[in-house]
Amino acid sequence: MCGIAGFFRNGRQPEGAEAVLSSMLDAIAHRGPDGRGTTFFPQACLGHVRLAIIDIAGGGQPMRSGDGRYWISYNGELYNYRELRADLQRQGMEFQSGSDTEVILAAFAHQGSDCLNSFRGMFAFALWDEQRQEGYLVRDRFGIKPLFYATLGKQIVFGSEIK
């Protein structure tokens, strides 16, 4: 179990965004004792607390795609990531880690949101497209992994737990 938290905003982040995200991660720290990470953009913040299971050394988050366009904070397990990884490698994609998180980023970079149709697993993630300045909140079809969100003024706030 890992935890994600953050926000997407229509407009620049207000002062104090770092402190707010830190408080959000403190509230879900029990979900990920093995690591903690944050990434800030003018219109988005991604946070992650990690329970390291797959690729213990190389799966730190938030993680960015090889070209730096996409960033992700991910909770879950993609059951078919090895098959998806092999397919992407045959199409010329390269990987730096053995994590299923990197496979999601590569699939999104290669296919856009159509890649979601090929994912089998239990997951929730926030993905930021730095080039288009767009955020995506994604959850598995059955909602096994939690993802809560709220619209507050000009922003969407999200996390693995409602607190």
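The values are calculated or read from the model by the stated rules, or taken from the named source; none is laboratory data. From a predicted model like this one, the values you see are computed outputs, not experimental measurements. Methodologically, a virtual Cβ is constructed for each residue, glycine included, from the backbone with ideal geometry; neighbour enumeration extends over all protein chains shown. For accessibility, only protein heavy atoms count, side chains too; no ligands or nucleic acids. Shrake-Rupley method; radii C 1.70, N 1.55, O 1.52, S 1.80 Å.
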| request: Excluding residue 132 itself, calculate the net charge of residues whose Cβ lies under 14 Å from the Cβ of residue 132, where each Lys or Arg counts +1 and each Asp or Glu counts -1. | output: -3
| query | Counting Lys and Arg as +1 and Asp and Glu as -1, what is the net charge of the other residues whose Cβ lies under 15 Å from the Cβ of residue 142? | reply | +2
| the chain, Cα convex hull volume normalised per residue, Å³ | 103 Å³
| Can you give the angle from 0 to 90° between the axis of helix 100-111 and the longest principal axis of the chain, with both taken from C-alpha atoms, to the nearest 10? | 80 degrees
| Length-normalised contact order for the chain - Cα pairs under 8 Å, 6+ apart - percent | 26 percent
| field | Per residue solvent-accessible surface (Å²) - the chain, probe of 1.4 Å | value | 51 Å²
| message | On a full-extension model of 0.36 nm per residue, what is the gain between residue 132 and residue 148, subtracting their alpha-carbon distance, rounded to one decimal in nm? | response | 3.4 nm
| task | Would you mind getting me the FRET efficiency between residue 26 and residue 91? Use the beta-carbon distance for r and R0 = 45 Å, nearest 0.05. | result | 0.65
| Loop GluC sites (Glu not before Pro), the stretch 86-163, which have at most 11 other Cβ atoms in a 10 Å radius of their Cβ (DSSP) | 94
| Quick one: net charge of residue 87's neighbours, Cβ under 15 Å, K/R +1, D/E -1? | -1
| request: Compute the acute angle (0 to 90°) between the alpha-carbon long axis of helix 17-27 and the principal axis of greatest extent of the alpha-carbon atoms of the chain; round to the nearest 10°. | output: 70 degrees
| remark: Most packed first (mean Cβ within 10 Å per residue), the peptides 151-160, 83-92, 37-46 order as 37-46, 151-160, 83-92
